[in-house]
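See below for the structure under consideration.
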Amino acid sequence: MVEPELYEVTVSNEKIVDVDIKQGYTHRGIERLLATKTYAQGVFLCERICGFCSHAHTTCYCQTVEKVFEVEPPERAKYIRTIMFELERLQSHYLWTALLFHTLGEKEHFIKIVDAREEIMDLIELMCGNRVHYGINAIGGVRGDLSVEMIRRLRHALDDLTSLSGYIARATRELAPKLSGIGPLPREKALALGVVGPVLRASGVESDVRKDDPYAAYEEVDFEVQVEDGGDVLSRTLVRVKETFESIEIIRQLLDDFPSGNIAAEVGEPPKEKEEVGRVEAPRGELIYFVKSNGTNIPERVKIRTPTYMNERSLPEMLRGQRLSDLPLILESIDRCISCTNRLTLVDQRTGKKHQVELSELRRGV
Amino acid sequence: MRQVNVYRLDVGSCNGCDIEVFSAFARRFGLEELGVKLVGDPSEANVLIVTGVPTVKTRDMLREVYERLKPPRLAIAVGACALSGEAFEGSYSVDGMVDEIIHVDAYVPGCPPSPHAIVEALVDVLKLGSKAWEVPGGFRGMPNIDAEKCTGCGACVQVCPTGAIEMVDEGNERKVRFRYEKCISCASCEEACPEEAVELGAERPRATGDRKAIGAEAKIELRRCSACGSTFAPTPQLERTLDRILEKKEKFSGYRDLIAQTMGLCKNCRNLPENIRKAKILLFKLDLTA
Ligand code: SF4
Ligand code: SF4
Ligand code: SF4
């Protein structure tokens, strides 16, 4: 919805023939910067890679650095990390559904979800002191504890969110005909292209780091990986909507047996030469960090692989042969950000002529 | 302006600010009632909200988009990145500040600023009245500094992840300055300060017309060397150190003045043979008492 990118789309008779994606508009050189900041400062920098999955980034970074330092965070810290992780997934998936309805021109659903999502944001602000970059993770644990009052409010909010998810599920069913069969990505293609997260699960592949390689407190909870077989925009929507119910359940379980104790472990000296890889299931899929130490308090190298980087590769496959007017919907379906990609270059296959249009114009029919 | 159309442009953000600009249009904030709406095309807009730090690839785009706006063509920079480049200043792919590329009418500090602050800024710039909201307990605002407690030790400067804290010595004074335009309210400074001189404010940061003007500052006296007269260390830091020594070793209290004299010399003068000798004698005496 928000990052600028340029698409060069080749069309013939209103049908998409080919797509070329030009990236790098928001490249800020973060990996390089990370090798100039201390491990502790790096947490805040990683957090600022993405406003949607800031907690996924800090958790993955902290967990990988903790492996390098051989430190184990206390149980309570792991639970808090996991609770925040699922709250983040909830607000991210909700905003995504809101934007999907917006793309479909369903203003009422859009407004309802954006308004209801504010309840989670208020809660996150109360728990972390900030709505977007929580600042709660630290190497060795977390920086803030959850009070009894916060837990009470959280439980209460979960009930409201269950009904919000129910509302979204009903709306999705109503609109299913508009989503079904659009932007197909068959299972084999999804695997060959290496897509991750809800996009992969919507093409019938059961894959979720939370289950396959449990981290934080995911081993302690009972939940199901949501899979759909359609491989289209409808399946991608259903996977995310069903995941919101799972997230709510996960948080409930964590609150039910919330352990007591410390929230941060002592961190020792940085080891000489050591490297580790860590991964988590961010709202958009598998996120991977590589961290290498050199004995100083600044890492030698940090390498990050984000989910959208993988998922974006599937766009040409999903778009080829589709109607030009479905382009915004398909872009939206992989949960990447588009609305300020107001530059879309259309190339007419017969004449080779190029012209730039606004994405919003496509729906009005160019 | 009767109809206010806002166009949001991301020139290199993490999405955080964009999410909050978006959230500012949730019904609870009442922008729609005031006739303010988001539009998807800059040539329909008369207000521009810029988020992020300009990169080599977006710099020209920012100027182009600004030029397409309708009058009165107001621009609001939202978030630490758009104000000062935040932690990304100096990165190889970052190219200048927003206000070096276009004229900016208001700046909203924070990382990201909450929608409340963005709405306040819009309402302010557009002269639509005023809006205010309650802040929850534990909110992390901008750091305040207690000049009475600060010793100018620089621990906060070391830990700040964005380089928001500056320490400069001028004449008899050391200035510790917190630049809000760069601050992300992470509280690392508050945690690191040995004197408990820093505390994050509980208010939401407000918009400003001058990004450089917002901040907090403590001025600390620098001690002049009793021998050569050059400044060498903050006075409160020397006093605090002396107090700590005497707290630990009460028996030394009879030597307070002598210790203070030795500490009153700068590094160069302390290393003169004459002064080394004096220091050795003092140490010897202290050893005897202990
Ligand atoms: S100011 Fe903070 S939230 Fe806004 S774009 Fe920069 S890093 Fe992201
Ligand atoms: S809160 Fe303190 S440490 Fe954090 S960015 Fe602001 S000045 Fe720097
Ligand atoms: S604010 Fe605290 S940490 Fe910073 S210079 Fe002053 S005493 Fe040191």
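Every residue in segment B:21-45 that is modelled with pLDDT of 90 or more and at the interface with chain A (Cβ under 8 Å from one of its Cβ atoms), please.
B:S23, B:F25, B:A26, B:R27, B:R28
I need every pair where a residue in segment A:33-55 that is without any contact (Cβ under 8 Å) to a residue 40 or more places away in the chain has its Cβ under 6 Å from the Cβ of a residue that is within 16 Å of ligand 3 (Cβ to nearest atom) and open to solvent by less than 10 Å² (accessible area, probe 1.4 Å), sequence separation at least 6 or different chains.
Sorted first by the residue in segment A:33-55, then by its partner, the pairs are A:Q41/B:P161.
Taking the criterion of being open to solvent by less than 20 Å² (accessible area, probe 1.4 Å) and over 29 Å from A:F258 (Cα atoms), would at least one residue in segment A:146-155 satisfy it?
no
Any residue in segment B:205-223 that is within 14 Å of chain A (Cβ to nearest Cβ) and either away from ligand 2 (no atom under 16 Å from the Cβ) or buried (at least 18 other Cβ atoms within 10 Å of the Cβ) (or both)?
Within segment B:205-223, one or more residues are within 14 Å of chain A (Cβ to nearest Cβ) and either away from ligand 2 (no atom under 16 Å from the Cβ) or buried (at least 18 other Cβ atoms within 10 Å of the Cβ) (or both).
Of everything in segment B:224-242 that's touching a Ser or Thr at 6+ places or on another chain (Cβ under 6 Å) and open to solvent by less than 70 Å² (accessible area, probe 1.4 Å), which residue is farthest from B:A121 (Cα to Cα)?
B:R240
When the residues of segment A:209-241 are filtered to those that are of a type in the set (D, E, K, R) and under 21 Å from A:M318 (Cβ atoms), which remaining residue is surrounded by the most Cβ atoms within 10 Å (Cβ to Cβ)?
Looking at residues that are of a type in the set (D, E, K, R) and under 21 Å from A:M318 (Cβ atoms), I get A:R236.
Among (1) open to solvent by 10 Å² or more (accessible area, probe 1.4 Å); (2) within 10 Å of chain A (Cβ to nearest Cβ); (3) within 16 Å of ligand 1 (Cβ to nearest atom), where does B:F88 come up short?
Only one criterion is unmet by B:F88, namely (1).
Looking at (1) touching a Phe, Trp or Tyr at 6+ places or on another chain (Cβ under 8 Å); (2) closer than 21 Å to A:P307 by Cα, can you tell me which one A:A217 breaks?
Of (1) touching a Phe, Trp or Tyr at 6+ places or on another chain (Cβ under 8 Å); (2) closer than 21 Å to A:P307 by Cα, only one is false for A:A217: (2).
Quick grid of which residues meet (1) surrounded by 24 or more Cβ atoms within 10 Å (Cβ to Cβ); (2) among the aliphatic types (A, V, I, L, M); (3) within 16 Å of ligand 1 (Cβ to nearest atom); (4) not in a loop (DSSP other than H, G, I, E, B):
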residue: B:T162; (1), (2), (3), (4): yes, no, yes, no
residue: B:K182; (1), (2), (3), (4): yes, no, yes, no
residue: B:C186; (1), (2), (3), (4): yes, no, yes, no
residue: B:E190; (1), (2), (3), (4): no, no, no, yes
residue: B:E195; (1), (2), (3), (4): no, no, no, no
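For residues that are open to solvent by less than 10 Å² (accessible area, probe 1.4 Å) and either facing chain B (nearest Cβ under 9 Å) or farther than 18 Å from A:E249 by Cβ (or both), tally how many sit in segment A:113-134.
Of the residues in segment A:113-134, 11 are open to solvent by less than 10 Å² (accessible area, probe 1.4 Å) and either facing chain B (nearest Cβ under 9 Å) or farther than 18 Å from A:E249 by Cβ (or both).
I'd like the residue in segment B:164-180 that is assigned to a strand (DSSP E or B) and touching a Leu at 6+ places or on another chain (Cβ under 8 Å) and, out of all such residues, is nearest to ligand 2 (Cβ to nearest atom).
Taking the candidates together, the pick is B:R174.
In this structure, is B:R256 basic (K, R) and not assigned by TED's automatic domain parsing to the domain that holds B:G163?
The answer is yes for B:R256.
Is it true that B:A192 is in contact with a Cys (Cβ under 6 Å, 6 or more places away or on another chain), outside the structural domain of B:A77 (by TED's automatic domain parsing) and not basic (K, R)?
Criteria met by B:A192.
I'm told B:N172 meets every condition in (1) away from chain A (no Cβ under 14 Å); (2) of a type outside the set (A, V, I, L, M); (3) within 12 Å of ligand 3 (Cβ to nearest atom) except one. Can you identify the failing condition by its number?
All conditions pass for B:N172, except number (3).
Hey, could you check segment B:6-20 for residues that are within 24 Å of A:E108 (Cα to Cα) and touching a Leu at 6+ places or on another chain (Cβ under 8 Å) and say which is nearest to the other protein chains (Cβ to nearest Cβ)?
If we take residues in segment B:6-20 being within 24 Å of A:E108 (Cα to Cα) and touching a Leu at 6+ places or on another chain (Cβ under 8 Å), then B:I19 is nearest to the other protein chains (Cβ to nearest Cβ).
Sort through B:T51, B:T55 and tell me the only one that's touching a Cys at 6+ places or on another chain (Cβ under 6 Å) and buried (at least 23 other Cβ atoms within 10 Å of the Cβ).
Checking each option against the conditions leaves just B:T51.
Would you check if B:I276 is among the β-branched types (V, I, T) and open to solvent by 70 Å² or more (accessible area, probe 1.4 Å)?
Taking the combined requirement at face value, the residue does not satisfy it.
Do the conditions hold for B:L48, that is, is it closer than 29 Å to A:D115 by Cβ, facing another protein chain (nearest Cβ under 10 Å) and under 30 Å from the mean Cα position of the chain (by Cα)?
No, not satisfied.
Output the helices (runs of 4 or more DSSP H) that fall wholly within segment A:29-101 and possess 3 or more residues being within 10 Å of chain B (Cβ to nearest Cβ), or say none.
Because the criterion is at least 3 residues that are within 10 Å of chain B (Cβ to nearest Cβ), the helices (runs of 4 or more DSSP H) in segment A:29-101 that meet it are A:30-34, A:39-47.
Residues checked against (1) part of a loop (DSSP other than H, G, I, E, B); (2) free of Cβ contacts under 8 Å to residues at least 24 places away in the same chain; (3) within 16 Å of ligand 2 (Cβ to nearest atom); (4) buried (at least 22 other Cβ atoms within 10 Å of the Cβ):
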residue: B:R2; (1), (2), (3), (4): yes, no, no, no
residue: B:N5; (1), (2), (3), (4): no, no, no, no
residue: B:C14; (1), (2), (3), (4): yes, no, yes, yes
residue: B:D18; (1), (2), (3), (4): no, no, no, yes
residue: B:V21; (1), (2), (3), (4): no, no, no, yes
residue: B:R28; (1), (2), (3), (4): no, yes, no, no
residue: B:E33; (1), (2), (3), (4): no, yes, no, no
residue: B:K37; (1), (2), (3), (4): no, no, no, no
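The values are calculated or read from the model by the stated rules, or taken from the named source; none is laboratory data. This structure is a prediction, so every number in the text was calculated from the model and none was measured. Ideal geometry is used to build each Cβ from the backbone, glycine not excepted, and the neighbour counts take in all protein chains shown. Just so you know, the surface numbers come from the protein's heavy atoms only, side chains and all, with ligands and any DNA or RNA stripped out. Shrake-Rupley method; radii C 1.70, N 1.55, O 1.52, S 1.80 Å.
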